[in-house]
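The next block holds one structure in the form of structure tokens; read it before the comments.
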Amino acid sequence: MDASAPSLETPAGNDAGRSLTIRNLRKEYSPGKPVLKDVSVTIAGRGMTAIIGPSGTGKSTLIRCINRLIDPTSGEIIFRGQDLAKLRGKELRRARRRIGMVFQEYNLVERLTVIENLLCGRLGYVPVWRAWLRKFPAADVDRAFHLLDAVGLGDFANQRADQLSGGQRQRVGIARALMQEPDLILADEPTSSLDPKTSVEIMELIAQRAGERDIPAVVNIHNVELGRRFADRIIGMSKGEIVFDGPPNTLQDSDLLAIYGGQGWLE
Amino acid sequence: MSAAGALPGGPAGGELRRWQRFTPLERVARTGFYLFALLAVLWALRTIEIIPEFLYDAPHQTVDLFARMWPIDWSWYPKVVHAALMETLHIATLGTILAVALAAPVALLVATNITHSVILNTFGKFILVATRSVHSIMWALFFVAVFGPGALAGMLAIAVHSIGFTGKFLSEAIEEARPGPIEALKAVGAPPLAILIKGYWPQVKPAFLALAIFRWDINIRESAVLGLVGGGGLGMALDTALSNLYWDQAGLVLFVIFVVVIATEIVTTTIRSRIL
């Protein structure tokens, strides 16, 4: 299983081809009212980047523009030699299958079993008739069992997803994303529906698995402390713009005030 | 209320603020509506021409009818009614299967989260309304004219009339599917057909099965009378008995219909409580 392979295969210097470059990304849901105001940022080819900022500031829009769940109004998203913003149809699906995504509400297919939810991560690769008849390639099935063990749900393969707790569901969500053999992991508020202890475990899992694959992870997160603890880089957003960008230890209270506004809540 | 003046926030000047549920205009409109409803009922009563002689006679006639049906001619069951009953069940079952097969693509056309085209949505809705608004008896008359009397005409009548009902509720079930899992499968890079099979179908399946079973239940009742216009099944046997004035045989058919309806009711509620 390549997920556990050491990260030696990619020399640290060869980062450029694996990084994600966003240039002048703009999104207007209604004309003239941009939610993202020409955001430009480059995410390195490894490590976790946490995006913090108040609700409605465009974090979710930014992350969903990357895999085109939302179509940007203008701008470029360069990843692995392609401008994702320009892709359509089959090309877009081919690009998407290398980008794993973890959701706040887990977004599992609840009436399917855990193992089948994992195998859904292969839907971009597997012919439709195989998915329909549940005849997934043996290698995929084996990989799914390995990943289930890896996220600590080895005994739950045949349980229906709606029987799991929130934390367990999110583990399945992460495993599904890893089934894609992704080159990038996006996570949109992966811990917002979870208790504090589980939140830490989930962030740990994302950081650890992304580290093992040696791929970058971009995580939207409300909890600043969690972001500080697990991310290598913090991006602070406010009103559709990046207002802070740096390693966690440089994030000062004054930056938080610039990001979130207000005064009294910090004391 | 003697303590009213002591309530906090009470009026300083002593003037009590009043609360009224309706504005005066609303009250006039409501009174007008009730008057209109009363007039409508009176008008309707005048239109129904009640013939007093028949009305006085009704209890006597009812008793007489039942007396003529009794004793029920049970010997007619193996000769004619059993085959007719089987035909009715087959008409209802095949008709429902065909209806579901025909309704599924139309439902996909109507569901706005699947088909993003107002023209196609409207076209699908037109099919649903057109098939549903024509009663199955009407469809049976049509298909009897085309294919001749018999089970085929009855089956097609059941199938076509059911498209509207099945398709409407199926499209609503599709539209109620949670968008989250669909989004997740999109993000995985799944092609549209795979999203339909792995994202929508598991969510729609329980509603779909309940719907098909419910429609089957309705169709058994409907197919029992289609024979009156040549659609085959129990209705045909009832028609024969009635035109021969063999009331004991008609009684048998009515009894069989009654038993079948209760039996399917029990079967369908049991199945539905299992799958939902």
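The values are calculated or read from the model by the stated rules, or taken from the named source; none is laboratory data. Predicted model, so just to flag it, every value in this text is computed and none were measured. With ideal geometry, Cβ positions are generated from the backbone for all residues, glycine too; neighbour counts draw on all protein chains shown.
At a glance:
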{"quantity": "Among the residues listed as B:Phe169, B:Phe123, the single one being surrounded by 17 or more Cβ atoms within 10 Å (Cβ to Cβ) and among the aromatic types (Phe, Trp, Tyr)", "calculated": "B:Phe169"}
{"quantity": "Those helices (runs of 4 or more DSSP H) lying entirely in the range A:67-165 with at least 1 residues within 12 Å of another protein chain (Cβ to nearest Cβ) and surrounded by fewer than 17 Cβ atoms within 10 Å (Cβ to Cβ)", "calculated": "A:89-96, A:128-132"}
{"quantity": "Number of the exception - B:Thr112 against (1) surrounded by fewer than 17 Cβ atoms within 10 Å (Cβ to Cβ); (2) part of a helix (DSSP H, G or I)", "calculated": "(2)"}
{"quantity": "Boolean, A:Arg229 is over 25 Å from A:Ala139 (Cα atoms) and of a type in the set (Lys, Arg)", "calculated": "yes"}
{"quantity": "Selection status of B:Gly230, on the phi > 0 side of the Ramachandran plot and among the small types (Gly, Ala, Ser)", "calculated": "yes"}
{"quantity": "The range B:214-270, residues that are crowded, with 21+ Cβ neighbours inside 10 Å, under 20 Å from the mean Cα position of the chain (by Cα) and not aliphatic (A, V, I, L, M)", "calculated": "B:Arg215, B:Trp216, B:Asn219, B:Glu222, B:Ser223, B:Gly227, B:Gly231, B:Gly235"}
{"quantity": "Any hit, the range A:179-190, residues being surrounded by 23 or more Cβ atoms within 10 Å (Cβ to Cβ), within 14 Å of chain B (Cβ to nearest Cβ) and more than 19 Å from A:Ile43 (Cβ to Cβ)", "calculated": "yes"}
{"quantity": "From the options A:Arg171, A:Arg176, residue that is within 14 Å of another protein chain (Cβ to nearest Cβ) and assigned to a helix (DSSP H, G or I)", "calculated": "A:Arg176"}
{"quantity": "Any hit, the range B:132-150, residues being surrounded by fewer than 21 Cβ atoms within 10 Å (Cβ to Cβ), more than 14 Å from chain A (Cβ to nearest Cβ), among the small types (Gly, Ala, Ser) and not in a helix (DSSP H, G or I)", "calculated": "yes"}
{"quantity": "Any hit, the range A:217-237, residues being over 21 Å from A:Leu251 (Cα atoms), in contact (Cβ under 8 Å) with a residue 60 or more places away in the chain and not basic (Lys, Arg)", "calculated": "no"}
{"quantity": "Lone qualifier among A:Ala217, A:Ala210 - being buried (at least 24 other Cβ atoms within 10 Å of the Cβ), under 13 Å from the mean Cα position of the chain (by Cα) and in a helix (DSSP H, G or I)", "calculated": "A:Ala210"}
{"quantity": "Criterion violated by A:Thr49 - all others in (1) surrounded by fewer than 16 Cβ atoms within 10 Å (Cβ to Cβ); (2) more than 20 Å from A:Glu181 (Cβ to Cβ); (3) more than 14 Å from chain B (Cβ to nearest Cβ) satisfied", "calculated": "(1)"}
{"quantity": "Test: residue in the range B:105-121 that is modelled with pLDDT of 90 or more, farther than 30 Å from B:Tyr200 by Cβ and of a type in the set (Ser, Thr, Tyr)", "calculated": "no"}
